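A.B. asks: Before we start, here is the structure in question, set down as structure tokens.
Where a number appears in this text, it was derived from the coordinates with a stated rule and is not lab data. Predicted model only: the values in this text are computed from it and were never measured. As a convention, Cβ positions derive from the backbone with ideal geometry for all residues, glycine included, and neighbour counts pool all protein chains shown.
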Amino acid sequence: MLTCLFLLAPYGYWGQTARQLLQVPVVMISIDGLKPDYVLQADKHGLKIPHLRRFLKEGAFAAGVKGVVPTVTYPSHTTLVTGVSPSKHGILANTPFDPYGKNWGGWYWYAEDIRVPTLWDAAVAAGLTTANVDWPVTVGADITYNIPQYWRAETPDDHKIMRTLSRPAGLLAEAEKQLGSYPEGNDYTIAADQQRARFNVYLLDKKKPRLLFCYFSGLDTEQHESGPDSSGTFAVLEQIDTLVGQVRAAAERAGSGQAVICVVSDHGFFRVEKELRLNSVFREEGLLELNEKGKVSSWKAFAWSSSGSAAVLASDPNDTALVSKTRSILLKLAQDPNHGIQSVLDKEDIERLGDFPDAAFVVGMKKGVKISEEASGPRLRSLNPSGSHGFLPDQAQMNSVSLSLAQESRRACPLA
């Protein structure tokens, strides 16, 4: 929030009264997987993204923002709204540690798991109206108009759950009467982004929140499928650029011509062609066992994967022999370049990174190789070329985006 306020300075907002400032809508738009060079070097890529490029000309921007560990969606988005590392805010990965699969693929959906105050908490404490469409980790959040991010079985019943989770009661049904059905919870195609944009515009037009959280993930979905810098990726980004323009225009209508728009992202992308099954290695070494169904039945060491990196936990962190054996296995793997391991970090390094406080080690991968949690089959597997993230943030291609623009009523809006 401080970032958003400082961005008002170049546009003369500090001369306004506090009451006037509180009438200016602030919209935080996340474009999952947006790499800085897609915007900063749009001409090089042949990208037609006039709305995003406007931030470079009229607003403020960073050349690149170094991410948290791991560089994945949920911990990154929670850091964006809290300003602290995952080890402090408590959202350590996309999914909780679950070696036995008891959570049936559940994610860190619930706002109650965030251990520190958020931007929406601060806004509510200041008496501001807030809104959200699909920002991660918002189920049960103290947001005035909240359409949280959630899915479960990916069946029509999920839609009933979404209507129940959205607040206030009846909000989603009210909006759907005008806009049509809200997207299925785990639908992150560009078509779903386009429909969610309509719900963002609806909330801005009808509810006039002073702080809105907006999330688009079609770019991330496409890059996972076709990789970064692909023609499909660029086509999706151009469509999301149009959505940014739609949301910005609605925010300016809500603010009588004034609005602050912040565009952020959570991580960059690498092209990947190989997968390391670290838990298969632990199985081979007698540190993990599978039952007759191929599921984990017991473990002494387990790799909690975030694709480009993994936290390795020991069942008994005080078992020095176990920790020593696990370290030896990891270091031996790292000596073979085929395994793609860039680094094996110990407790001291992990504490510095600010995540995975219970991990014995964190394994960071090189470009081109990701880690799977799969514990069956061979340790290495070739993949069709695709895209992934989660790599350690010291690799610049994991950098994310920060763009901001404060629109004054006296300034023309040529792209509205």
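A.B. asks: List His389, His224, His45 from most exposed to least, where exposure is judged by having the fewest other Cβ atoms within 10 Å.
C.D. replies: Going from sparsest to densest Cβ surroundings: His45, His224, His389.
A.B. asks: Please give every one of the lysines within straight-line cross-link reach of Lys207, meaning a C-alpha to C-alpha distance under 25 Å, and leave out same-chain neighbours fewer than 8 residues apart.
C.D. replies: Correct list for Lys207: Lys160, Lys177.
A.B. asks: Mind telling me which of Gly227, Gly105, Gly308 comes out most flexible in a GNM of the chain, alpha-carbon contacts under 10 Å?
C.D. replies: Taking springs between Cα atoms under 10 Å, the residue moving most is Gly105.
A.B. asks: What value does the range 43-201 have for Rg/Rh, both radii from Cα atoms and Rh as Kirkwood defines it?
C.D. replies: 0.98
A.B. asks: Just to confirm a number: summing +1 for Lys and Arg and -1 for Asp and Glu over residues other than Glu275 whose beta-carbon lies under 11 angstrom from that of Glu275, what do you get?
C.D. replies: Net local charge, Glu275 excluded: +2.
A.B. asks: Taking DSSP loops as anything outside H, G, I, E and B, show the longest stretch in the chain free of chymotrypsin sites (Phe, Trp or Tyr not before Pro) there with at most 12 other beta carbons within 10 Å.
C.D. replies: Value returned for the longest uninterrupted segment is 105-416.
A.B. asks: Which of the lysines could be linked to Lys102 by a straight reach, that is with a Cα gap under 22 Å, when you skip same-chain ones fewer than 8 residues away?
C.D. replies: Leaving aside lysines fewer than 8 places away in the same chain, those within reach of Lys102 are Lys293, Lys295, Lys300.
A.B. asks: Estimate the FRET efficiency between Phe97 and Glu58 by the formula 1/(1 + (r/R0)^6), using the beta-carbon distance for r and 41 Å for R0, to the nearest 0.05.
C.D. replies: Efficiency for this residue pair is about 0.40.
A.B. asks: Moving on. P(r) for the range 168-278, please, calculated from all Cα pair distances in 5 Å bins and given in %.
C.D. replies: With 5 Å bins starting at 0, P(r) equals 2, 10, 19, 20, 18, 13, 8, 5, 3, 2, 0, 0.
A.B. asks: Right, something else. Summarise the long-distance tail of P(r) for the range 213-307 by giving the % of C-alpha pairs beyond 16 Å.
C.D. replies: 71 percent
A.B. asks: Would you work out the relative contact order for the chain, in percent, from Cα pairs under 8 angstrom that are 6 or more residues apart?
C.D. replies: This gives 26 percent for the chain.
A.B. asks: Once you have the Cα-Cα distance between Glu176 and Lys367, take 0.36 nm times their residue separation minus that, and quote the gain in nm to one decimal.
C.D. replies: Between Glu176 and Lys367, full extension yields 64.5 nm more.
A.B. asks: Treat the count of other C-beta atoms within 10 Å as a stand-in for reagent exposure and order Lys35, Lys367, Lys57 from fewest to most.
C.D. replies: Lys57, Lys367, Lys35
A.B. asks: So in the chain, what percent of DSSP beta bridges are antiparallel if you round to the nearest 5?
C.D. replies: 60 percent
A.B. asks: Quote the FRET efficiency, to the nearest 0.05, computed for Asp346 versus Glu292 with a Förster distance R0 of 30 Å and r equal to the Cβ-Cβ distance.
C.D. replies: The value I calculate is 0.25.
A.B. asks: Moving on to the next point. Counting other beta carbons within 10 Å of each Cβ, put Met365, Met398 in order, fewest first.
C.D. replies: The most exposed by this proxy come first: Met398, Met365.
A.B. asks: Right, something else. Please compute the volume of the convex hull spanned by the alpha-carbon atoms of the chain and report it per residue in Å³.
C.D. replies: Taking only Cα atoms, the chain has a hull volume of 139 Å³ per residue.
A.B. asks: How far apart, in nm, are two points set 7 Å out from the Cα along the Cα-to-Cβ line at Ala122 and at Thr189?
C.D. replies: Rounded to a tenth, the inter-label distance reads 3.8 nm.
A.B. asks: Here is a follow-up. Find the percent of Cα-Cα distances in the range 271-388 that exceed 25 Å, and round it to a whole number.
C.D. replies: It works out to 18 percent of all Cα pairs.
A.B. asks: Right, something else. When the chain is treated as a GNM, springs tying every alpha-carbon pair under 10 Å, which of Arg327, Arg352, Arg379 comes out with the largest mean-square fluctuation?
C.D. replies: It is Arg352.
A.B. asks: Let me ask you something else. Lys66 to Lys48: extension gain in nm, 0.36 nm per residue of separation minus the Cα-Cα distance?
C.D. replies: 3.9 nm
A.B. asks: If you don't mind, another one. Say a paramagnetic label sat at a point 7 Å from the Cα of Asp358, along Cα to Cβ; which residues of the range 83-105 have their backbone N under 11 Å from it?
C.D. replies: Output list for this probe position: 96-99.
A.B. asks: Can you list the lysines whose alpha carbon is less than 29 Å from that of Lys35, not counting same-chain residues fewer than 8 positions off?
C.D. replies: Output for Lys35: Lys44, Lys48, Lys57, Lys66, Lys88, Lys274, Lys366, Lys367, Lys370.
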